[in-house]
Every structure is written in structure tokens, then in C-alpha cells.
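Taking it in order: structure first as C-alpha cells, then the write-up.
What follows draws every value from the coordinates through simple rules; no lab data is involved. Given the structure is predicted, the values throughout are model-derived calculations rather than measurements. All Cβ positions, even for glycine, are placed from backbone atoms using ideal geometry, and neighbour counts span all protein chains on display.
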Amino acid sequence: MSASPSVVITGCSSGIGLATALEMKSRGWTVFATARKESDLTRLKEEGLTPLELDLASETSITSCVDQLKELCGGVPDALVNNAGFGHPGALEDVSRADMRKQFEANVFGLLDLTNQLLPGMIRRGSGRIVHVSSVVGRVSLPFMGIYSASKFAVEAIADAQRVELDRTGVQVSLVEPGPIVTKFFNNASASGDALLQTKESRFSELYKKELQERDPASPKPFSLPPEAVAKKIAHALTSSRPKRRYKVTLPAHLGAFLSRVAPDALIDTILIRELRSRKKSISS
């Protein structure tokens, strides 16, 4: 990499993306930070980052962003961090086809489109780093987050195939698998599903209503870590001479990875069914 390496990071409006952008800036990197909203782009510029508008659900937006990157870099950046993601809660039977498509457009198709447009330049140069931000739910699928989990399982599969396909190209691929992180993600995901889950006729309607009413944005989930903890792992993947294939962040992420490797499906089902039954039972208590 050059004396002042460059990285493009998606989803920098807050949380993991913003923390990673600031971490890499502090290390002397040129950081191209993407977001969709004008207000977020303005704030990123004030942080000393180079903001770029990007909507991963739009092919036109991706191509425009890549064109700007090539002009600014005189080629392609040294690294790409695919962090942006979207989650819509709800039981599988309650999620519409349009909402399924929206999650896969951003989390899978857009991610791979952006990667594929930057990859040829990295291969020609003979160097590059790609970091895909997955999730513990890319290892163990959770009830009411089934489609989001499916999109993260897809990201895991993409990264595993990509690492092998890029052998001897000089381009290295890593996965980062966070567990519960103190960000706006789950609050945003819950907000996006509020109208649907409060009004849709569903056998889970009472549970949706109870959990939406009890949701406390200020109360972090157990074992949560701040987004800076993920940013440190991403920084290692970008700077180490021997980056890991997978980085797990938080105890639940380590536990999920362990269970996915060694636990029988029946045991995982039993754990999740008991947890779901407990949530249902709380409705009448």
C-alpha cells in the first residue's frame, strides 16, 4: 500500500461505519465515507472525512460513487469496508416480498456490485483489502430477523468464495462478525417495522405490540460493546500483514460461531424455542 493508503467505508452515518472512518483517519488514512442523506454527508465532511453519496439499493448510485472514487484516487482505493446494512424485523410469514427484496438489495446485491466494480483495479494493482461486515446472525438465524439473517448468511458465503477466487491476486478478504453493538441499527430496524408490525394481522401481533411498547432505545442489549470495538477489528484487517479470515466481536458472536460449528441443530432449535416461548409467555404475565 502507498504511504497514505485510502479506504472507502459504506454506511458511515453513525455506528460502526462512523467509528471505523474515524479510526482509520486517526491512523493517517484517506477515508472516503459514504452515506445517503445530505445532512450526514455534511457532518462527515466536518469530521475531516471525504464524504460520498451512496445508496446500495441503486445501481446508478453505485456506479456514480465508483466513478468519483476513481477520479479522486487516480484509480481505486487501497481498501473497501462493506459495512452498510438494513434490517426489517418480523416473522418470516409477516415480511412482504418487497421488504425481503429491500434487505437483499442493500445487504447483498449492492454490496457485491460495489465490490465487483472496484475489484478489477485492485487485481491490476496486485493489492487490496476487502472487509465485509457480517453478523452473529450470519452464523445462527434468529426468529423475527430471518430475512436479515439470510442476507448475512449470504455475505458469509460470498466472502468464503471470494477468498478462494482471489488467491494469488494480492487482494485479501476478511469477515467481521459483530454481536450486539451499541448503535442505532436495532432502533432503526424496529422503527422501520413499527407500522407493519402494529397493524398487520398476525399470530404474533400481541408479541409485536408488547415488545415495541417496551423497547428502550437507551438500554443496550446484554454483552453489548461500543462500535469502536468493531472498528479496532476492522483496522486490524486493513493493516495487518496477516489479516484473519474472520473476526468475532462480543461474547454472543463467539458463542454463535461455536454453536454453529459444533452444536446439533436440535440443540440450537431448543435454545431458541425456549427463548421465544418465554417471550410469548410474558404477554399474559
Practice item. For Arg97 and Leu259, compute 0.36 nm times the residue count separating them, minus their Cα-Cα distance, and round to one decimal in nm. Key: 55.3 nm
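Averaging sequence separations of C-alpha pairs under 8 Å and six or more residues apart, then dividing by the length of the range 1-115, give the relative contact order as a whole percent.
27 percent
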Point to revise | Cβ charges +1 (Lys, Arg) and -1 (Asp, Glu), total dipole of the chain, debye | key: 840 debye
Check your understanding: Which distance in Å, rounded to a whole number, links the C-alpha centroids of the range 86-130 and the range 32-52?
Key -> 21 Å
Check your understanding: Which Cα, out of Phe32, Leu259, Gly138, lies furthest along the positive dipole direction of the chain (beta carbon charges, K/R +1, D/E -1)?
Key -> Leu259
Revision key, fill the gap. Of the listed links Lys152/Lys233; Lys25/Lys233; Lys45/Lys248; Lys102/Lys209, those spanning more than 26 angstrom between alpha carbons are Lys45/Lys248
Check your understanding: When mean projected area of the Cα convex hull in nm² is calculated directly from the model, which label among (i) 14.5; (ii) 15.4; (iii) 17.8 fits?
Key -> (ii)
Review point. Taking 0.36 nm per residue of separation and subtracting the Cα-Cα distance, what length does fully extending Ser240 through Glu201 add?
Key: 8.9 nm
**Study point:** Percentage relative contact order, the chain, counting C-alpha pairs under 8 Å, at least six apart
**Key:** 19 percent
Study note, to complete from the structure: Cross-link reach from Lys210 to lysines, straight Cα distance under 18 Å and at least 8 residues apart if same chain, gives Lys200, Lys221, Lys280, Lys281
Review point. For Ile273 and Leu251, what does the FRET efficiency come to when R0 = 30 Å and r is the distance between their Cβ atoms, rounded to the nearest 0.05?
Key: 0.85
